[in-house]
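The values are calculated or read from the model by the stated rules, or taken from the named source; none is laboratory data. Here the structure is a predicted model, which means the values were calculated and not measured. Cβ placement follows ideal geometry from the backbone for every residue including glycine, while neighbour counts extend to all protein chains displayed.
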Amino acid sequence: MNASSTNKKKIRIRTKVFVPVVFIAAVLLITYIFPRQGSFKYSFNEGRPWQYGLLTAPFDFPVYKPADQLKAEQDSILEYYEPYFELDDIIERNALADFDADVNLNDKLAEMPAGYKIYIREKLNEIYENGIMRSEDYDLINASKTKSLRIKKGNVAESRKIDSFFTIRSAYEKVLNDVPDDIDRSVLRAANINEYIRENVLYDADTSDKAEYEFIQQVDISRGMVQQGQRIIDEGEIVDARTFNILSSLKRVTEERSGGTTRNSWMILGQLLLILLMFGSFYMYLLFFRPTEYRNRKHVVFMVLLTVIFLLLTAITVRFDLFSVYIIPYAIVTILTRTFIDSRTALFISLITIILSSLMVPFPFEFIVIQISVAMVSIFMLKELSERSQLIRSSFFILLTYILVYIGLVMYQEGSVKDINWLMLVYFLINFIFIMFSYSLVYMVEQSFGFISGVSLVELSNINKPLLKELSEKAPGTFQHSLQVSNLGMAAAAKLGANASLIRTGALYHDIGKMVNPAFFTENQTPGMNPHAGLPFEESARIIINHVRDGVKIAQKQNIPQQIIDFIETHHGTSMPKYFYISWKNANPDKEVNESDFRYPGPNPNTKETAIMMMADAVEASSRSLPEYSEQTLRNLVDKIIDSQVSEGYFKLAPITFRDIQTVKDVFVEKLQTVYHSRIAYPELKQQARTQPQQHNELDS
C-alpha cells in the first residue's frame, strides 16, 4: 500500500471517529442546557404590562403568600418555639462516682472534715438534678421571648424556664454561695469542686429540627383560592403586586403538576430522545447528501457549533427570563451557513435550530411559523451571494418578513388587528440590528475557520484589485493567459458541479509569481527576445519553476486566502518544465540528470477545483502553439495533454473520476473552438463607374 492511500485511510478513520464524537458532545450539551422548568409558558414581571391574551384559571389553585410575608410570619411564630434538650444521667453518675472515689484517694478531700464532704455531695446532687448546660445555649435561650426550653424524658417533654438551669460557672458559684456558717469557703475552693461539675443538659438536634418544622407548619402558606375559569388578567393590563402573586402561584402549581423545576428522569429522557433524533437526522443528511462536508472537519465543527450557540442563547434567555426570544437573530444561522456551505444545508440547520428552540419557548406554534418564514426568505435573498451589500439588503427583507408574518398570525388567531402587541415590533427591530452585524460575522468566521465565502471570491476576482492590476501591467501576456484559463475552468466547473467562483479566482492568481521575472515566460516575450539564450538549462528551469514559490510568497504577503494559494501551489503539481528537461538530456546524453532541478515543488491537486485548474492551465498554454484550430486538432491536443497528466498520476489525490475528466475535455474543446473560430473575410469594395461628381465621391470614400 503506497503512502497516499495510507494517508487517505487514516483521514477516513479520523473522520469516522471525530464527526460522531462532535455530534454526541453537542447532543449531551444541549440536553444539559435545556431550561429546567415545567409547562408554564408565560413570562411576567411586576409593574409591567401583560403581553398575552386573556388568562383564566385552568384549574383550582391556592394563592400562595409572598416569600417575604411567609418568612415574616414564620419568624414571628418561631419566637414562641422552645428547643429540645435531654438530661444525660450517665454524666451525672460518672461525676459523682469520681467524687466518691477521690474522697478516699485524693489527699485534700480525704483530710477534709466529714461535714464538708457531705455538703459537697448534696450540692452536686442538687445541681445535677436541676441540670447544667453550655453557657452558649443558656445565653441563647435566655435571650429568646419565651426564655424556656423543653426537657425530654423518654417520650415526654416538659417545658422549663431557663433560670432553673445552671452553667458550669453558676453551678460552682451556687456551691460556694450556699455554704452554712460552719463551713469555710476557702477550704471548699481547695477541694477543686469544678472538676466534678459537668454539662449534663445536651441539645437534641433531631427532635428540635423536627419540632421546629412542625411548628412552622402552623403558618398557612396560602391565603385564599382561585377557582377554575376565574379571570386573572387580560392583555395590556399592568401586573400589580396582587396579580403577580396569583400568577406566581399558578406557575408554581403548574410546574409541580408537570414534575417540578428539577424535572424527573422521564422528562430528561424525552428531551434527550428529541435532541438525538434532530441531530441524528442532521448527521445522516451530511453522510448521505453532503459527503464532502461530512469529511471536512472544520465545516462540521462550524455547523454544529453554530447550532449549539443559538440553542444555548435560547436556553439562557428562557431559563433566566432575560428578554423576548424574538430579539435573538436566528436568521444569522441561515445566513452564515448559506454563505459558507450551501442553501439546502442552511435550511436543514435552520429547521433543527428552530424546532429545538421551540421546545423551550412560550407559544411554540407562533415561534415556528415566524422563524421558518424568516429562514426561507433569508435563503431566497442570498441565492446568488456575490456582494456584501446583499447581506445588508437581506436584513431589511427579514425585518419585513417578521412584521408581516406576525401581523398575519394575529389576524388569523384573533380575527382583529387590535390585538397586535406593538412591543413585538420593537423586538423585531432589535433583531434586525443584530442581523446587520452578520456582515462582520462573515469576516470573523473566515478568519477563525479559514473559510472563504462567495462574497470574498467575487471581491478577490475584481481585476481592478491592486495585485491583479500589477500583474496586467508587469506581465500582460500572463494576465491574458490567466483570464483564458479562468474561462476554461469556470465552464468545466459548471458542468461538474464544482465551485466555479473558486476556480475563477484561483485562475486569476495562479501565475502571479511570473511578475518577478516576466520576460522569461513566452507569453510576455516580444519577437526576437529570448532571455533564456545563453543560460544553462538548469538555470532556465529554476527561473521557470520559481514562479510557483514566488507566487506563494507574494500571495501570503498580500494576505490572499489559503484556498487561492492552493491553486498557485498545485497548478503544475510535481510535473517538469519538459522543454528544458528534454533539452538538457539531449545535450548531455552521457550524464545522469538530477530530476529535482527540473521538477516543480507541488503538491499535486487534491480537490476537484485544483485538478480542473491544472488541466485548464496546461491546455490553454499549449493551444497557442497550434498551427491550425480545427475541432480535430484541438481534441488531439486536449486528449494528449490531459491523458499525459492522468498517466503521470497528478490527479490521484483529487476526487475526480474518469467520467469527470472526459466531461472536462469536451468542455475545453468546445470553448477553445469558440475562442479560435475562423473569422469571415470581409469583401472589398469594387470600383464603381464615376457617374457622380468628384466631390461627392470624395465624401463617400
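Assess whether SER148 counts as being touching a strand residue (DSSP E or B) at 6+ places or on another chain (Cβ under 9 Å), surrounded by fewer than 16 Cβ atoms within 10 Å (Cβ to Cβ), in the same structural domain as ILE197 (by TED's automatic domain parsing) and more than 30 Å from PRO180 (Cα to Cα).
no
How many residues are surrounded by 14 or more Cβ atoms within 10 Å (Cβ to Cβ), more than 20 Å from the chain's Cα centre (by Cα) and of a type in the set (Phe, Trp, Tyr) if we restrict to the stretch 421-453?
So the count comes out to 3.
Would you check if there is a residue in the stretch 396-405 being farther than 30 Å from TYR443 by Cα, in contact with a Ser or Thr (Cβ under 7 Å, 6 or more places away or on another chain) and not aromatic (Phe, Trp, Tyr)?
Step one: list which residues in the stretch 396-405 are farther than 30 Å from TYR443 by Cα, which gives 404-405.
This time we only want the ones that are in contact with a Ser or Thr (Cβ under 7 Å, 6 or more places away or on another chain), so: 405.
Checking which are not aromatic (Phe, Trp, Tyr) leaves us with 405.
Looking for residues that are farther than 30 Å from TYR443 by Cα, in contact with a Ser or Thr (Cβ under 7 Å, 6 or more places away or on another chain) and not aromatic (Phe, Trp, Tyr), one finds at least one in the stretch 396-405, hence yes.
Hey, any hits in the stretch 589-607 for a residue that's in contact with an Asp or Glu (Cβ under 8 Å, 6 or more places away or on another chain) and β-branched (Val, Ile, Thr)?
yes
Taking the criterion of being touching a residue at least 60 places away in the same chain (Cβ under 8 Å) and within 30 Å of ALA315 (Cα to Cα), would at least one residue in the stretch 65-80 satisfy it?
There is at least one residue in the stretch 65-80 that is touching a residue at least 60 places away in the same chain (Cβ under 8 Å) and within 30 Å of ALA315 (Cα to Cα).
Can you pull out the residues in the stretch 527-546 that are more than 50 Å from the chain's Cα centre (by Cα) and in contact (Cβ under 8 Å) with a residue 12 or more places away in the chain?
Result: PRO531, HIS532, PHE537, GLU538, SER540, ALA541.
So that you can scan it fast, the table gives a plain yes or no per residue for (1) out of contact with any Pro (no Cβ under 8 Å at 6 or more places or on another chain); (2) farther than 23 Å from ILE33 by Cβ; (3) surrounded by fewer than 21 Cβ atoms within 10 Å (Cβ to Cβ):
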position: SER343; (1), (2), (3): yes, yes, yes
position: LEU347; (1), (2), (3): yes, yes, yes
position: LEU351; (1), (2), (3): yes, no, yes
position: LEU391; (1), (2), (3): yes, yes, no
position: PHE397; (1), (2), (3): yes, yes, yes
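Is it the case, given these coordinates, that ILE403 is within 24 Å of LEU29 (Cβ to Cβ), free of Cβ contacts under 8 Å to residues at least 60 places away in the same chain and outside any loop (DSSP other than H, G, I, E, B)?
no
Just to be sure I understand the filter: pairs with C-beta atoms under 6 Å, separated by 6 or more residues or on different chains, first member in the stretch 296-311 and not assigned by TED's automatic domain parsing to the domain that holds THR334, second member among the basic types (Lys, Arg). Which pairs pass?
none
Which numbered condition trips up SER159, out of (1) in contact with a strand residue (DSSP E or B) (Cβ under 8 Å, 6 or more places away or on another chain); (2) among the hydroxyl-bearing types (Ser, Thr, Tyr); (3) within 18 Å of ASP88 (Cβ to Cβ)?
Going through the list (1) in contact with a strand residue (DSSP E or B) (Cβ under 8 Å, 6 or more places away or on another chain); (2) among the hydroxyl-bearing types (Ser, Thr, Tyr); (3) within 18 Å of ASP88 (Cβ to Cβ), SER159 breaks only (3).
Among what's in the stretch 493-540 and is of a type in the set (Ser, Thr, Tyr) and part of a helix (DSSP H, G or I), pick the residue that is nearest to GLU592 (Cα to Cα).
If we take residues in the stretch 493-540 being of a type in the set (Ser, Thr, Tyr) and part of a helix (DSSP H, G or I), then SER540 is nearest to GLU592 (Cα to Cα).
So which residues in the stretch 283-294 are in contact with a Leu (Cβ under 9 Å, 6 or more places away or on another chain) and not hydroxyl-bearing (Ser, Thr, Tyr)?
If we filter the stretch 283-294 for residues that are in contact with a Leu (Cβ under 9 Å, 6 or more places away or on another chain), which is where we start, we get 293-294.
Matches in the stretch 283-294: GLU293 only.
Here's the yes/no breakdown for (1) surrounded by 15 or more Cβ atoms within 10 Å (Cβ to Cβ); (2) within 19 Å of ALA205 (Cα to Cα); (3) within 60 Å of the chain's Cα centre (by Cα):
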| residue | (1), (2), (3) |
| --- | --- |
| LEU70 | yes, no, yes |
| LEU78 | no, yes, yes |
| GLU82 | yes, yes, yes |
| LEU87 | yes, yes, no |
| LEU96 | yes, no, no |
| PHE99 | yes, no, no |
| ASP102 | yes, no, no |
| LEU105 | no, no, no |
| ALA110 | no, no, no |
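Regarding the stretch 128-141, can at least one residue be identified that is within 28 Å of ASP75 (Cα to Cα), at pLDDT 90 or above and small (Gly, Ala, Ser)?
yes
State whether the residues of the stretch 461-484 include one that is under 30 Å from VAL667 (Cα atoms), in contact with a His (Cβ under 7 Å, 6 or more places away or on another chain), in the same structural domain as GLU670 (by TED's automatic domain parsing) and not aromatic (Phe, Trp, Tyr).
Yes: one or more hits.
Could you identify the single residue in THR663, THR610, THR633, THR574 that is under 28 Å from SER461 (Cα atoms), out of contact with any helix residue (DSSP H, G or I) (no Cβ under 6 Å at 6 or more places or on another chain) and among the hydroxyl-bearing types (Ser, Thr, Tyr)?
Among THR663, THR610, THR633, THR574, only THR574 is under 28 Å from SER461 (Cα atoms), out of contact with any helix residue (DSSP H, G or I) (no Cβ under 6 Å at 6 or more places or on another chain) and among the hydroxyl-bearing types (Ser, Thr, Tyr).
Could you list, in sequence order, the residues of the stretch 334-363 that are closer than 24 Å to GLN271 by Cβ and either charged (D, E, K, R) or touching a residue at least 40 places away in the same chain (Cβ under 8 Å) (or both)?
The answer is PHE348, ILE349, ILE352, THR353, ILE355, LEU356, SER357, LEU359, MET360, VAL361, PRO362, PHE363.
Of the residues SER416, SER440, only one is outside any helix (DSSP H, G or I) and either among the hydrophobic types (A, V, I, L, M, F, W, C) or modelled with pLDDT under 85 (or both); which?
SER416
Here's a check for you: in the stretch 167-194, which residue that is charged (D, E, K, R) and in contact (Cβ under 8 Å) with a residue 12 or more places away in the chain is nearest to PHE99 (Cα to Cα)?
Top of the filtered list is ARG189.
Please specify each residue of the stretch 436-450 satisfying the condition of being touching a Leu at 6+ places or on another chain (Cβ under 8 Å) and closer than 20 Å to LEU399 by Cα. Can you show your working first?
First, the residues of the stretch 436-450 that are touching a Leu at 6+ places or on another chain (Cβ under 8 Å): 438-439, 441-442, 445.
Those that are touching a Leu at 6+ places or on another chain (Cβ under 8 Å) and closer than 20 Å to LEU399 by Cα: SER438, TYR439, LEU441, VAL442.
Inspect all residues belonging to the stretch 271-284 and state whether any of them is more than 19 Å from the chain's Cα centre (by Cα) and outside any helix (DSSP H, G or I).
no
Only one of VAL22, VAL17, VAL27 is of a type outside the set (Asp, Glu), closer than 30 Å to THR292 by Cα, loosely packed, with under 13 Cβ neighbours inside 10 Å and under 45 Å from the mean Cα position of the chain (by Cα). Can you tell me which? Spell out the reasoning first.
Numbers: VAL22 fails: loosely packed, with under 13 Cβ neighbours inside 10 Å; VAL27 fails: loosely packed, with under 13 Cβ neighbours inside 10 Å.
Only one candidate passes the filter, namely VAL17.
Considering only the stretch 560-573, I want to know if a residue exists there that is aromatic (Phe, Trp, Tyr), within 30 Å of TYR676 (Cα to Cα) and touching a residue at least 60 places away in the same chain (Cβ under 8 Å).
Here is the first cut: in the stretch 560-573, the ones aromatic (Phe, Trp, Tyr) are 567.
Subsequent filtering for residues that are within 30 Å of TYR676 (Cα to Cα) retains 567.
Add one more test, that the residue is touching a residue at least 60 places away in the same chain (Cβ under 8 Å), and what stays is 567.
Checking the stretch 560-573: at least one residue is aromatic (Phe, Trp, Tyr), within 30 Å of TYR676 (Cα to Cα) and touching a residue at least 60 places away in the same chain (Cβ under 8 Å).
In this structure, does SER164 turn out to be crowded, with 16+ Cβ neighbours inside 10 Å, closer than 20 Å to PRO83 by Cβ, of a type outside the set (A, V, I, L, M) and at pLDDT 85 or above?
Taking the combined requirement at face value, the residue does not satisfy it.
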